[in-house]
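Each remark here refers to the structure printed beneath this line.
The values are calculated or read from the model by the stated rules, or taken from the named source; none is laboratory data. Please read these numbers as outputs of a predicted model, since none were measured by experiment. For neighbour counting, all protein chains shown are included, and Cβ atoms are generated from backbone atoms with ideal geometry for every residue, glycine included. Side chains are part of the model used for accessible areas, which takes the heavy atoms of the whole protein and leaves out ligands, DNA and RNA. Shrake-Rupley method; radii C 1.70, N 1.55, O 1.52, S 1.80 Å.
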Amino acid sequence: MTKKIDTLLFDLDGTLINTIDLIVASFLHTMETYYPGEYCREDVIHFIGPPLSETFTKLDPSKVEDMTRTYRAFNHEKHDELVEEYEGVRETLEILHENEFKMAVVTTKRRETAVKGLKLLEMEKFFPVVVSLDDVTNYKPDPEPLEKALNGLNSSAEKAVMVGDSEHDILGGKNTGTQTAGVAWSVKGREHLESYKPDVMLNHMPDLLDFLGIKNSVKQN
């Protein structure tokens, strides 16, 4: 692994923090409110990744605001109850921080909700830069949010890796010119993510240390 990499851009949901149960429950609650009996877990998994506005516009443009409000109210109510930590993530971030890597979160969440998740799992100290849906006009896979994060970190694409669980993250990295790392715990499945040809697939977050050529001292169960 080249030593010039000094910057890491992370997606949030499904990559750093396990919000999948929360997201799925929020979508199911919303769908049951507006389309009773029509959607199950397998259906709403495909909604994960893009902003809510894009997903709900495809369902019914006239109800986007109402559905978004319903989703967010449920999501905020259940947030602390359903959000969990992925094994090895915090330890990996600690080691990266100690090795003075520049790190940012690039998410399609609103800033308020993104920061809520980072604070809950005590990860906010690692990320001086958080680029949220509120901060951009275009979202992943457009390069705008990644470029904004790189500018905030005073870094550049050729020194960075984009780490994420969705095709939007991998394509966003490729469109920006970073290297890309997919996470095998993606709710959409490892094979789906591999089809977008990330530079590396991480079975566990500490694998990122190996990819970067850093001593991996994180214990795995």
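Couple of notes before you dig in:
- Segment 71-111: number of residues that are among the small types (Gly, Ala, Ser) and in contact with a helix residue (DSSP H, G or I) (Cβ under 8 Å, 6 or more places away or on another chain): 1
- When Asp134 is tested against the conditions (1) modelled with pLDDT under 95; (2) open to solvent by 20 Å² or more (accessible area, probe 1.4 Å); (3) closer than 30 Å to Asn216 by Cα, the lone failure is (3).
- Residue selection: Thr108 fails the criterion of being under 17 Å from Thr176 (Cβ atoms), among the β-branched types (Val, Ile, Thr), assigned to a loop (DSSP other than H, G, I, E, B) and open to solvent by 70 Å² or more (accessible area, probe 1.4 Å).
- In summary, Ser166 fulfils each of the numbered conditions (1) surrounded by fewer than 19 Cβ atoms within 10 Å (Cβ to Cβ); (2) at pLDDT below 95; (3) farther than 19 Å from Leu93 by Cα with the single exception of condition (1).
- Single residue of Glu100, Glu77 found to be over 20 Å from the mean Cα position of the chain (by Cα) and free of Cβ contacts under 8 Å to residues at least 12 places away in the same chain: Glu77
- Complete set of residues in segment 20-30 that are hydrophobic (A, V, I, L, M, F, W, C) and surrounded by fewer than 17 Cβ atoms within 10 Å (Cβ to Cβ): Leu28
- Hey, Met162 assigned to a strand (DSSP E or B) and hydrophobic (A, V, I, L, M, F, W, C) or not: yes
- When every residue of segment 31-53 is checked against the conditions, at least one turns out to be touching a residue at least 60 places away in the same chain (Cβ under 8 Å), open to solvent by less than 10 Å² (accessible area, probe 1.4 Å) and closer than 17 Å to Leu133 by Cβ.
- Failed condition for Thr107, given (1) modelled with pLDDT under 95; (2) closer than 12 Å to Ile17 by Cβ: (1)
- Note on segment 115-148: residues that are in a helix (DSSP H, G or I) and either of a type outside the set (Gly, Ala, Ser) or closer than 18 Å to Pro198 by Cβ (or both) total 16.
- Tyr139 meets all of the listed conditions (1) open to solvent by less than 60 Å² (accessible area, probe 1.4 Å); (2) within 26 Å of Gly189 (Cβ to Cβ); (3) of a type in the set (Phe, Trp, Tyr) but one, namely (1).
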